[in-house]
Amino acid sequence: MDGLIEQAKSRLWNIVNTLTTLKYEGKNPVIEISLYEYGNDGLAAEGNFIRQVTPLTKDLDLISEKLFSLRTNGGSEYCGAVIQQATKDLKWEDGKGVMKLIYIAGNESFKQGPIVSNEAVTQALKNNIYVNTIFCGDKNEGIQLFWKEGADLATGKYFNINSNLSVQYIVTPYDVKINECNTKINATYIGYGTEGKYKKMNQAVQDKNAESISTANFTERTVSKSKAVYSNENWDLVDRLKEDKDALTKIKKEDLPAELKNKTTAEIKKIVEEKTKERETIQKEIAALAKQRQAYLDAENKKQNVQDDLGVTITTSITELAKTKGFTVTK
């Protein structure tokens, strides 16, 4: 199952960028992601071998960090238990224009464990959570092991993938130019607060993680940085002031970076405004290049069969379900 984690690393930013193409009544979505680890006998038996890696969060760098830290250690896959836990423990939003999805992958029987899986997915659906199942292996074997049954009960999608395949990438003429923008956009972030310095360093670490997978994956991450969904108001002054114009009156001097501590509020505001304009210019440049890149990818994908990897299954199902829920898809 190491291959499954590798595919998730390879497709995280592509999935994020697919989500950003959705709009509801003309508005961009707020994206929150949670990670669970299960089927690992190194985890506590009394907890059904399940660990919540992150709660639902908008911090995409945190998701990347935790995803790259995951390692497999085979064990019993209690699908019903992890679905039940995610349904109960996560702080799901409700209301119009909310789409709640669970994706669960594995290669053993869907009905293992002390919690009846069919009851767990039925309860999830009562909470308007759609469970999508991904069997890592032969399609018919997955059906025999009840993965399709689980998805059908939850009004979700059933997929099978070869988790041992490496993700295939298409190199485009726009990748280099887009990735050159990454260093420039990183320079517009101004860390503040107790986590500011660490989070800014972690941003660079997640850049390297993405780049370690492939140039295409790094490009997808850079494209994500041009989107509103990549927001870091909890540690970046530029994003914080976008959310709260009076934020500088609430942030203590000692929580500012060293280069700003001896400056007046007016001086800090001017610096942030300059960085804001600089970032917006870079984001527009990335967005324009990303549009050309996507057109190139669409043309190339028509020439070849699309590989059934984790990212393709997730992005396909997101788009299909979104349309049924009243979302529009833009390019």
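Throughout, read-outs are computed from the coordinates displayed, never taken from laboratory work. Because the structure is predicted, anything quoted here is derived from the model rather than measured. Cβ atoms come from the backbone with ideal geometry, glycine included; neighbour counts cover every protein chain shown.
Counting only C-alpha contacts under 8 Å and six or more residues apart, can you give the relative contact order of the stretch 155-250 as a whole percent? Mind showing how you got there, number by number?
Working: 60 pairs, mean separation 28.4, N = 96.
Reported relative contact order: 30 percent.
With a/c under 1.5 counting as rounded, go ahead and sort the stretch 105-167 into rounded, prolate or oblate using the C-alpha gyration tensor (a ≥ b ≥ c being the square roots of the eigenvalues; past the cut-off, prolate if a/b is larger than b/c, else oblate). Mind showing how you got there, number by number?
Details: a/c = 2.26, a/b = 1.64, b/c = 1.38.
Prolate is the answer for the stretch 105-167, as a/c is 1.5 or above and a/b outweighs b/c.
Hey, what do the phi angles of the stretch 208-218 turn into as Karplus ³J(HN,Hα) couplings, whole Hz, using 6.51/-1.76/1.60 and θ = phi - 60°, x for Gly and Pro?
5, 4, 5, 5, 5, 7, 5, 4, 5, 5, 4
Using the alpha-carbon atoms, what tilt in degrees (0 to 90, nearest 10) does helix 79-89 show relative to the longest principal axis of the chain?
40 degrees
What's the exposure ranking of Arg279, Arg221, Arg51, going from fewest to most Cβ atoms within 10 Å? Working shown, then result.
Details: Arg279 22, Arg221 27, Arg51 16.
Ascending Cβ contact count within 10 Å gives the list Arg51, Arg279, Arg221.
List the aspartates and glutamates whose Cα lies under 17 Å from the Cα of Lys91, skipping any in the same chain that are fewer than 8 positions away.
Those aspartates and glutamates meeting the cut-off are Glu32, Asp59.
From Cα pairs below 8 angstrom and at least 6 apart in sequence, can you work out the relative contact order of the chain, rounded to a whole percent?
Working: 506 pairs, mean separation 73.5, N = 331.
Averaging sequence separation for qualifying contacts and normalising by length gives 22 percent for the chain.
Taking the Cβ of Ser163 as the centre, find all other residues whose Cβ is under 9 Å away and add up their charges (Lys, Arg: +1; Asp, Glu: -1). Walk me through the numbers before you get to the answer.
On the way: positive: none; negative: Asp2, Glu6, Asp309.
Once positives and negatives cancel, what remains is -3.
How high is the relative contact order of the stretch 175-301, given as a whole-number percent (alpha carbon pairs under 8 Å, six or more residues apart)? Could the numbers behind the result be given before it?
Working: 104 pairs, mean separation 45.3, N = 127.
Rounded, it is 36 percent for the stretch 175-301.
Rounded to the nearest Å, what's the spacing between the alpha carbon centres of the stretch 206-227 and the stretch 36-103? Just the number, please.
One Cα centre to the other: 23 Å.
Report for the chain the percent antiparallel among DSSP-assigned beta bridges with both residues inside it, nearest 5. Kindly include the intermediate steps, with their values, before the conclusion.
Numbers: 9 of 20 bridges.
Within the chain, antiparallel bridges account for around 45 percent of the total.
For helix 310-324, what angle does its Cα long axis make with the longest principal axis of the chain, in degrees from 0 to 90 and rounded to 10?
Value to nearest ten degrees: 90.
Give me the distance between the Cα centres of the stretch 114-130 and the stretch 272-303, rounded to whole Å.
40 Å
Which lysines, if any, have their Cα less than 17 Å from the Cα of Lys263, not counting same-chain residues under 8 positions apart?
Partners found: Lys250, Lys252, Lys253, Lys275.
What does the net charge come to around Gly326 if you take all other residues with beta carbon closer than 14 Å to its beta carbon, with K and R at +1 and D and E at -1? Don't skip to the answer; put the middle values down first.
Details: positive: Lys23, Lys27, Lys96, Lys323, Lys325; negative: Glu25, Glu320.
Here the charged neighbours net out to +3.
When Lys and Arg each count +1 and Asp and Glu each count -1, what net charge do the other residues less than 13 Å away from Val131, Cβ to Cβ, add up to? Walk me through the intermediate numbers first.
Numbers: positive: Lys100, Lys126, Lys148, Lys157; negative: Glu119, Glu149, Asp152.
Its environment carries a net charge of +1.
With respect to the cross-link table entries Lys96/Lys325; Lys100/Lys325; Lys27/Lys199; Lys23/Lys227, which display a Cα-Cα separation exceeding 19 Å?
Lys27/Lys199
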